[in-house]
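**Q** Mind looking over this structure? Questions follow.
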Amino acid sequence: MSVPELIRIVSRDSPMALAQVERVRAELGALHPGVRTEVVPVKTTGDKWMGDLSKVEGKGAFTKEVDAALLAGHADLAVHCVKDVPADRPLPAGTMFAAFLKRDDIRDALVHPGGLRLDRLPAGTRIGTSSVRRKAQLAASYPHLECVPMRGNANRRLEKLAAGDADALLLAVSGLERIGRTDAITEVLPPETMMPPIGAGILALQCREGDDDLIAAVSGLGDPDTHREATAERMFLHVLQGHCNSPIAGYARAEGNGELSLRASVFTPDGKTVLNAHEWAGRLDPATLGTSVAVALLRQGARELIDGIAH
């Protein structure tokens with residue numbers, strides 16, 4: 001294997017996305033001293049559009065321009081948050097995931113200027129979030145709280161909170177860590193309280209198929225446990241054919257003994273119906289585990305629930 005002299009990395013141009021790229025550059029530099037990297041920032045539809053994501057191709061709104069730069073040869077490597085990469089359709093033809101980096105924190109954090117925990121928030125507290133996953137879970141467990149739409153990167157949301165557009169926020173712990181704002185966290189919510197999105201906390205490196213030297217060079221950044229977790233979760237979402245308006249949540253966990261489990265839920269947007277499944281892989285491979293958990297939810301009526309939600 002000969003490591004390419006220069007690796008051009010394409011990414012969304014948001015502060016968080018660029019922080020993710022810096023992690024990749026640092027890890028590449030440690031693994032291959034002397035390699036040069038260059039950042040190719042692009043502005044995506046999802047970053048430009050502040051309305052409802054389902055109006056602009058849903059989650060694909062954050063990946064389309066990045067994919068295009070990779071396929072056109074303007075860049076060699078793309079960095080994606082796995083949670084933003086649609087799983088109901090395959091990766092663009094001619095591309096592949098070369099590595100899944102070691103997983104970050106999967107949990108959500110409550111940010112409340114008054115320092116109140118989630119279960120102490122008074123009725124009518126306005127929670128700023130546009131996530132259907134968060135809204136459904138809040139409606140199910142905390143129906144006295146009110147959700148107000150809020151999009152934009154984490155810095156922007158913190159500004160909106162300070163301006164009084166909401167009384168509290170729910171944000172990903174890993175995102176706040178990346179932008180150096182863990183000081184804003186009031187409470188870290190366990191997954192039992194707020195189940196994460198599929199692919200939470202995982203960065204994936206995407207290459208063109210056939211770029212063998214590059215694929216070999218970056219594959220060393222991959223984490224085997226994270227690879228298994230991501231494979232199970234993405235197959236789960238693929239079988240369910242969830243879309244960006246589907247309140248679907250779940251996470252796989254690779255234990256120290258090699259055992260893999262997947263816990264997942266499908267909600268109605270109002271939180272009144274919650275379908276749950278939790279399975280251990282045993283000897284199953286990760287993709288089979290993901291399929292099995294999806295089938296368990298389909299048996300409970302997940303298909304009708306998902307198809308009943310406009311998108």
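The values are calculated or read from the model by the stated rules, or taken from the named source; none is laboratory data. As the structure is a prediction and not an experimental result, all values here were calculated from the model. Every residue, glycine as well, gets a Cβ built from its backbone with ideal geometry; the counts of neighbours run over all protein chains shown.
**Q** Based on this model, can you work out whether T95 counts as crowded, with 16+ Cβ neighbours inside 10 Å and modelled with pLDDT of 85 or more?
**A** Spelling it out, T95 is indeed crowded, with 16+ Cβ neighbours inside 10 Å and modelled with pLDDT of 85 or more.
**Q** Now, a different point. Among the candidates R103, R120, R107, single out the residue that is farther than 25 Å from I248 by Cα and at pLDDT 95 or above.
**A** After applying the criteria, what remains is R120.
**Q** Now for a separate question. With respect to the numbered conditions (1) over 15 Å from the mean Cα position of the chain (by Cα); (2) assigned to a helix (DSSP H, G or I); (3) at pLDDT 95 or above, which one is the sole condition not fulfilled by H144?
**A** (2)
**Q** In segment 204-223, is there at least one residue being out of contact with any Gly (no Cβ under 9 Å at 6 or more places or on another chain), under 24 Å from G282 (Cβ atoms) and of a type in the set (D, E)?
**A** Yes: segment 204-223 contains one or more residues that are out of contact with any Gly (no Cβ under 9 Å at 6 or more places or on another chain), under 24 Å from G282 (Cβ atoms) and of a type in the set (D, E).
**Q** For segment 174-230, give me each residue that is part of a loop (DSSP other than H, G, I, E, B), small (G, A, S) and crowded, with 23+ Cβ neighbours inside 10 Å.
**A** G199, A200, G201
**Q** Go through (1) crowded, with 21+ Cβ neighbours inside 10 Å; (2) not in a helix (DSSP H, G or I) one by one and return the number of the condition M235 breaks.
**A** The failed condition is (2).
**Q** Only one of A72, A168 is among the small types (G, A, S) and in the same structural domain as L214 (by TED's automatic domain parsing). Can you tell me which?
**A** The unique qualifying residue is A72.
**Q** Another one. Can you find a residue in segment 239-262 that is in contact with a helix residue (DSSP H, G or I) (Cβ under 9 Å, 6 or more places away or on another chain), assigned to a helix (DSSP H, G or I) and touching a residue at least 24 places away in the same chain (Cβ under 8 Å)?
**A** yes
For (1) in a strand (DSSP E or B); (2) among the aliphatic types (A, V, I, L, M); (3) in contact with a Cys (Cβ under 7 Å, 6 or more places away or on another chain), each residue gets a yes or a no:
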| site | (1), (2), (3) |
| --- | --- |
| D88 | no, no, no |
| P92 | no, no, no |
| M96 | yes, yes, yes |
| I106 | no, yes, no |
| L110 | yes, yes, no |
| G114 | no, no, no |
| A123 | no, yes, no |
| R133 | no, no, no |
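**Q** Test P122 against the criterion of being of a type outside the set (V, I, T) and surrounded by fewer than 19 Cβ atoms within 10 Å (Cβ to Cβ), and give yes or no.
**A** Against the criterion (of a type outside the set (V, I, T) and surrounded by fewer than 19 Cβ atoms within 10 Å (Cβ to Cβ)), P122 qualifies.
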